[in-house]
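First the structure, in the form of structure tokens, and then the observations on it.
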């Protein structure tokens with residue numbers, strides 16, 4: 001990627017999330033910032049997932065995920081899911097979780113969690129866009145959502161250090 005384009009993309013502010021999936025007893029989470037609301041009626045979200053990421057295969061197979069919104073007090077979640085320690089198939093063992101109504105992993109340290117059901121998907125370059133309906137919400141208290149402006153780096157297809 002051209003340096004000027006990478007810097008320009010790094011200027012697009014994004015939220016910081018952890019997308020979690022479950023396939024039987026296997027649970028996995030990934031740091032995700034390419035997520036946005038795409039419809040108000042009905043309320044729909046879009047999450048972009050790299051086709052080479054472990055989560056992609058599980059999400060395609062199950063059609064469900066939980067979107068965990070990371071707040072300022074939960075920054076350790078982003079630190080873990082961005083680290084090499086999380087790059088394994090079943091990576092939620094060291095993280096406190098509770099099950100959503102559909103059995104998806106909600107992260108206890110997230111400021112809120114959304115249970116989502118995929119209703120459509122579209123290929124987009126090296127990612128798939130999963131368009132999803134929200135089936136359940138769990139709020140855990142008052143916090144400010146973490147954004148890309150709160151991190152020392154931003155991911156734009158490559159990591160850009162600030």
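The values are calculated or read from the model by the stated rules, or taken from the named source; none is laboratory data. Here the structure is a predicted model, which means the values were calculated and not measured. Note that each Cβ is placed from the backbone with ideal geometry, even for glycine, and that neighbours are counted across all protein chains shown.
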- Task: Identify all residues within segment 130-149 that are in contact (Cβ under 8 Å) with a residue 40 or more places away in the chain, under 22 Å from residue 41 (Cβ atoms) and surrounded by fewer than 18 Cβ atoms within 10 Å (Cβ to Cβ); write none if there are none.
- Result: 131, 133, 134
- Message: Given (1) touching a residue at least 12 places away in the same chain (Cβ under 8 Å); (2) surrounded by 12 or more Cβ atoms within 10 Å (Cβ to Cβ); (3) closer than 25 Å to residue 141 by Cβ; (4) in contact with a strand residue (DSSP E or B) (Cβ under 8 Å, 6 or more places away or on another chain), identify the lone condition not met by residue 13.
- Response: (2)
- Query: Since residue 85 meets every condition but one in (1) modelled with pLDDT under 95; (2) surrounded by 16 or more Cβ atoms within 10 Å (Cβ to Cβ), which condition does it not meet?
  - Reply: (2)
- Kindly indicate whether any position in segment 33-44 is in contact with a helix residue (DSSP H, G or I) (Cβ under 7 Å, 6 or more places away or on another chain) and within 21 Å of residue 140 (Cα to Cα). yes
